[in-house]
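What follows is a short report on a single structure.
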């Protein structure tokens, strides 16, 4: 009898221990075997780490826990989560059971979000669900756009640096330096121009004087207003007189004059009348040319042999006349001195030009070349003075001698006149 009682005690103790162990394990898992509540269901596409016995909150207040998580028998890619809620918590139709992160460690829980519909759900109904992204998802969502922007910025920065490297190449650096140098020169010129303008604007400057002159002119015009008015009146009277004139008669007279002039020009062009014969007669033209050539030869012979045409002992070709024994002998022997300034095989354009507004340039020819001279005198002293005058303009000028129109050496001419140079 005593042994039977011990067995009962042992059995009761074991059962109680098992019950306590079962309750303790479930308690540690967050399940309360003695907790009462109503079951509601939610279908999720992922549970994101949600476990059985995870808490359920409404505005931070615990209203229940997750009783069970299993695959949805109707949709295999969905999860069916059973929620056990307190008896006194009203569940409305458009409330959302959202899975979210309870802390930074990633602990998951379920929270109920309010809706606008106030119609209550029955026990065992299916709730509207949602899954809030975790910290990683949020960071990814926030960082990805920034990452894309940073990548685009890096690409643009690389392109900019490449372009800058091209801009600051050696060739472009030289161009930039030259551009900066030109800019500095331009600024310096602008500064100088500004200084000049300021100087001109000061009293006594060009612009100041011009403005003063303009002011004087304005004042003078103001003073002459009456005279200007009289002049304008006279112009107006003249205009009225022109208007009153019989312009048709004047125009007719002008037209008659033009007809007469045209007739005269036609007769001249046709060789009619004295003027027409003068312009169209080739024989008269050639006679005039022969007369001009003969006159040139006569004048040249007069310069070369003045003794043939002049009866006095000295020829005045300058401002002073020197008469001495040597000059008389030179004149008697037909010796003439000249200053040669140039010679050429072709005619030069210096003929008849004036040297220092005193001496005219003459052109002579011996058949082979053209000789250009100034001055013609039998006085060697005078020709030396002329040479000193023209040597500054024609450094190669020299004295030549002619005897009876033919060139001879100057030394020989001086020897014949008995003059020592």
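Which of (1) outside the structural domain of residue 39 (by TED's automatic domain parsing); (2) touching a strand residue (DSSP E or B) at 6+ places or on another chain (Cβ under 9 Å) is the odd one out, the single condition residue 101 does not satisfy?
(1)
Does any residue of the range 343-365 turn out to be touching a helix residue (DSSP H, G or I) at 6+ places or on another chain (Cβ under 8 Å), within 15 Å of residue 403 (Cα to Cα) and loosely packed, with under 14 Cβ neighbours inside 10 Å?
The answer is no, given that none of the residues of the range 343-365 is touching a helix residue (DSSP H, G or I) at 6+ places or on another chain (Cβ under 8 Å), within 15 Å of residue 403 (Cα to Cα) and loosely packed, with under 14 Cβ neighbours inside 10 Å.
With over 19 Å from residue 43 (Cβ atoms), in the same structural domain as residue 42 (by TED's automatic domain parsing) and either touching a helix residue (DSSP H, G or I) at 6+ places or on another chain (Cβ under 6 Å) or at pLDDT below 85 (or both) as the only criterion, which of 118, 138 stands out?
Going through 118, 138 in turn, the sole match is 118.
Return the only residue of 20, 16, 47 being closer than 17 Å to residue 128 by Cα and either modelled with pLDDT under 90 or touching a helix residue (DSSP H, G or I) at 6+ places or on another chain (Cβ under 6 Å) (or both). Explain how you work it out, then say what you get.
Numbers: 20 fails: closer than 17 Å to residue 128 by Cα; 16 fails: closer than 17 Å to residue 128 by Cα.
Checking each option against the conditions leaves just 47.
Answer with yes or no whether residue 336 is touching a helix residue (DSSP H, G or I) at 6+ places or on another chain (Cβ under 8 Å), at pLDDT 80 or above and surrounded by 12 or more Cβ atoms within 10 Å (Cβ to Cβ).
yes
Just to be sure I understand the filter: pairs with C-beta atoms under 6 Å, separated by 6 or more residues or on different chains, first member in the range 197-218 and surrounded by 13 or more Cβ atoms within 10 Å (Cβ to Cβ), second member modelled with pLDDT under 80 and part of a loop (DSSP other than H, G, I, E, B). Which pairs pass?
Listed by first residue and then by second, the contacts come to 199/205.
Could you say which residue among 190, 176 is surrounded by 10 or more Cβ atoms within 10 Å (Cβ to Cβ) and modelled with pLDDT of 85 or more?
Among 190, 176, only 190 is surrounded by 10 or more Cβ atoms within 10 Å (Cβ to Cβ) and modelled with pLDDT of 85 or more.
Could you check, for the range 265-272, whether at least one of its residues is surrounded by 10 or more Cβ atoms within 10 Å (Cβ to Cβ), at pLDDT 75 or above and out of contact with any helix residue (DSSP H, G or I) (no Cβ under 8 Å at 6 or more places or on another chain)? Lay out the reasoning, then the answer.
Step one: list which residues in the range 265-272 are surrounded by 10 or more Cβ atoms within 10 Å (Cβ to Cβ), which gives 265-272.
From the residues that got through so far, the ones that are at pLDDT 75 or above too are 265-266.
Right, trim to out of contact with any helix residue (DSSP H, G or I) (no Cβ under 8 Å at 6 or more places or on another chain) and you get 265-266.
Yes: one or more hits.
Six or more apart or on different chains, Cβ atoms under 7 Å: show the pairs whose first residue is in the range 377-403 and more than 14 Å from residue 336 (Cα to Cα) and whose second is in a helix (DSSP H, G or I).
Hits for this filter: 397/387; 397/390.
Looking at the range 362-417, which of its residues are more than 18 Å from residue 335 (Cα to Cα) and assigned to a helix (DSSP H, G or I)?
Within the range 362-417, 388, 389, 390 qualify.
Scan the range 102-115 residue by residue and report those that are surrounded by fewer than 13 Cβ atoms within 10 Å (Cβ to Cβ) and at pLDDT below 90.
Scanning the range 102-115 gives 103, 104, 105, 106.
Consider residue 99 against the criteria (1) at pLDDT 85 or above; (2) exposed (fewer than 14 other Cβ atoms within 10 Å of the Cβ): it satisfies all of them except one. Which criterion is unmet?
Status for residue 99: all satisfied but (2).
The values are calculated or read from the model by the stated rules, or taken from the named source; none is laboratory data. It should be emphasised that the depicted structure is a prediction, and the values quoted were computed from it without experimental measurement. Ideal geometry is used to build each Cβ from the backbone, glycine not excepted, and the neighbour counts take in all protein chains shown.
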